[in-house]
Amino acid sequence: MQPLDLSAVDLVAAVRQGDVSAVQCTEAFLKRIEQVDGRVNAFLKVDREGALARAAAIDARRKAGGPLGPLAGLPVAVKDVLCTADMPTTCASRMLENFLPPYDAEVVRRLRAADAVIVGKTNMDEFAMGGSNENSAFATVHNPWDLTRAPGGSSGGSAACVAADMAPVAIGSDTGGSIRQPAALCGITGLKPTYGTVSRRGLIAFASSLDQIGPMARSAADCALVMETIAGHDAGDSTSLPHAVPRYTELLEQPLTGLRIGRVAAHFAEGLDPEVARGVEEAFAAFKAAGATIHEVELPHAKYGIPTYYLIAPCEASSNLARYDGAHYGHRAEPGKGHRAEPGKGHRAEPGTTFDSPLAEMYCRSRAEGFGPEVKRRIMLGTYALSAGYYDAYYAKALRVRRLIRQDYLDAFQQVDLIGGPTSATAAFALGEKSNDPLAMYLVDMYTVTANLAGIGGISFPCGFTKAGLPIGFQLQGPALAEPLLLRAADRYQRLTDWHLRRPKLPA
Ligand code: GLN
């Protein structure tokens with residue numbers, strides 16, 4: 001039995017039946033990480049000893065006839081935005097380079113309680129800001145399908161590690177598309193649940209009204225399995241929904257007959273790569289063949305999604321990231337490097353800079369040294385948009401447009417059960433292609449940010465390949481709490497097609 005080839009569902013069953021031990025399973029994935037991650041850079045930290053010790057404890061418990069959790073022996077990789085008490089949590093930022101959290105994020109706690117084996121922390125764009133993973137302060141992630149291309153972001157390490165068989169399951173976070181877009185570019189399945197479905201206690205905050213955690217795996221069925229462990233109310237997160245956790249895996253069994261899927265003509269307008277368009281249209285046809293009906297719907301305000309998101313997200317980020325001041329957390333600049341000035345004489349963090357006070361110097365230098373360029377850009381954009389005189393013109397207006405975007409979805413979901421379309425306008429782009437053009441990078445999120453703005457769920461899964469052999473992603477979005485339906489529709493599609501089973505050629 002080769003653990004690398006098994007789905008998460010089958011792996012868990014194999015460990016439970018004793019066909020493979022948790023240690024064998026963990027060793028197989030650790031070996032694969034050793035063989036290929038030097039080329040992919042999906043991991044910032046691999047916890048070899050911890051993972052093997054954990055797996056051995058699970059095997060010992062099984063041998064003694066003790067109870068096994070629902071994910072017993074399943075290797076899981078966790079995005080480095082989630083706190084882990086036994087591993088540094090860096091958010092791929094120099095600011096948190098040496099940060100060891102005092103506690104596990106709730107998602108991590110639940111995974112451990114379910115007997116999953118956490119193998120390491122995955123690379124990402126710094127503070128989850130980016131769409132290519134090139135904003136990591138530590139290493140660029142390479143797309144396993146073509147190492148010269150980006151894996152997407154910001155959960156690019158999580159997507160790449162699943163695509164390259166370094167873990168059967170990874171956890172990501174999605175503020176504007178960071179689970180779905182890298183899932184699309186790496187040819188895997190990623191679910192962004194409805195806002196409030198998965199606890200964010202211990203998730204390092206980017207934009208709190210948009211952030212949500214979700215599973216990334218090879219299939220919808222594997223995502224469903226993980227959701228049963230990570231979803232559900234947590235009194236430690238004030239935005240957590242108090243609803244009962246659905247039996248996501250059992251609900252997969254209902255057929256799709258009569259399912260109404262919406263298609264938005266505007267999704268196929270300018271900017272969509274023709275090969276992606278073809279793959280997406282073929283997926284609609286496959287859904288039709290499976291018993292669904294396709295209906296044209298409109299989301300008239302979705303075209304304002306990018307400007308709305310790129311105001312609200314930076315505004316919230318500027319506030320959330322104010323905590324990194326060098327005093328409480330993370331990087332602190334060496335004292336006494338700057339020239340001090342008379343009070344009121346400005347503070348530019350450049351050579352020869354002057355500061356109002358030693359404290360101002362410490363804040364300023366710590367932040368200048370600790371944050372990378374994109375994070376600084378977001379903080380400045382957000383601070384500007386929130387400042388007196390601009391607040392109403394930018395932030396307050398963006399909130400009103402957000403309402404309209406949400407209302408469009410509510411109206412559309414009166415007519416259809418789900419909305420389908422492309423996840424990303426193109427397949428994986430080359431590393432370096434957009435990294436000097438922030439606007440081009442922001443536009444990669446055009447199909448994904450609206451779900452975050454509306455607070456609803458979305459899933460991306462592979463629906464074909466370009467001629468160059470790069471995966472194409474199909475996105476389904478659903479009304480609030482429609483995750484069982486999103487997973488079921490994607491799972492049905494995956495029972496009828498084999499795109500999700502294709503693996504990149506990445507020899508050991
Ligand atoms: N690419 C988007 C951004 O840079 C989304 C990021 C995310 O979802 N974390 O903001």
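Mind telling me which of the residues 146, 125 ends up being out of contact with any helix residue (DSSP H, G or I) (no Cβ under 9 Å at 6 or more places or on another chain) and more than 21 Å from residue 49 (Cβ to Cβ)?
Values: 125 fails: out of contact with any helix residue (DSSP H, G or I) (no Cβ under 9 Å at 6 or more places or on another chain).
So the residue among 146, 125 that is out of contact with any helix residue (DSSP H, G or I) (no Cβ under 9 Å at 6 or more places or on another chain) and more than 21 Å from residue 49 (Cβ to Cβ) is 146.
Apart from one condition, residue 145 fits all of (1) within 16 Å of the ligand (Cβ to nearest atom); (2) over 21 Å from residue 204 (Cα atoms); (3) of a type outside the set (D, E, K, R); the exception is (1).
For segment 266-312, a residue qualifies if it is in contact with a Gly (Cβ under 6 Å, 6 or more places away or on another chain) and either free of Cβ contacts under 8 Å to residues at least 12 places away in the same chain or within 16 Å of the ligand (Cβ to nearest atom) (or both), and exactly one does: 309. Taking segment 373-456 and the helices (runs of 4 or more DSSP H) fully enclosed by it, the elements with 3 or more residues that are within 15 Å of the ligand (Cβ to nearest atom) and more than 16 Å from residue 153 (Cα to Cα) are at 373-386, 449-454.
Surrounded by fewer than 24 Cβ atoms within 10 Å (Cβ to Cβ), of a type outside the set (Val, Ile, Thr) and either more than 17 Å from residue 423 (Cβ to Cβ) or at pLDDT below 95 (or both): which single residue out of 102, 168 fits that description? Spell out how you get there, then give the answer.
On the way: 168 fails: surrounded by fewer than 24 Cβ atoms within 10 Å (Cβ to Cβ).
102 is the lone residue from the list that is surrounded by fewer than 24 Cβ atoms within 10 Å (Cβ to Cβ), of a type outside the set (Val, Ile, Thr) and either more than 17 Å from residue 423 (Cβ to Cβ) or at pLDDT below 95 (or both).
Table: residues versus (1) out of contact with any Asp or Glu (no Cβ under 9 Å at 6 or more places or on another chain); (2) charged (D, E, K, R); (3) surrounded by 18 or more Cβ atoms within 10 Å (Cβ to Cβ); (4) in contact (Cβ under 8 Å) with a residue 40 or more places away in the chain.
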| position | (1), (2), (3), (4) |
| --- | --- |
| 389 | yes, no, no, no |
| 394 | yes, no, yes, yes |
| 404 | yes, no, no, yes |
| 408 | no, yes, yes, yes |
| 411 | no, yes, no, no |
| 414 | yes, no, no, no |
| 418 | yes, no, yes, yes |
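When each of 374, 316, 369, 361 is tested for being modelled with pLDDT of 90 or more and over 30 Å from residue 450 (Cβ atoms), the lone residue that passes is 369. Take the residues in segment 436-463 that are of a type in the set (Ser, Thr, Tyr) and at pLDDT 95 or above, then tell me which one is farthest from residue 490 (Cα to Cα). Checking each candidate, the answer is 450.
Considering 124, 95, the condition of being away from the ligand (no atom under 16 Å from the Cβ) and of a type in the set (A, V, I, L, M) is satisfied by 95 alone. If the condition is being of a type in the set (Asp, Glu) and farther than 18 Å from residue 33 by Cβ, then segment 59-103 contributes 59, 97.
Out of curiosity, is residue 130 within 13 Å of the ligand (Cβ to nearest atom) and assigned to a loop (DSSP other than H, G, I, E, B)?
yes
The values are calculated or read from the model by the stated rules, or taken from the named source; none is laboratory data. None of the values given here were measured: they were computed from a predicted structure. Counting neighbours? That spans all protein chains shown, and the Cβs are built from the backbone with ideal geometry, glycine included.
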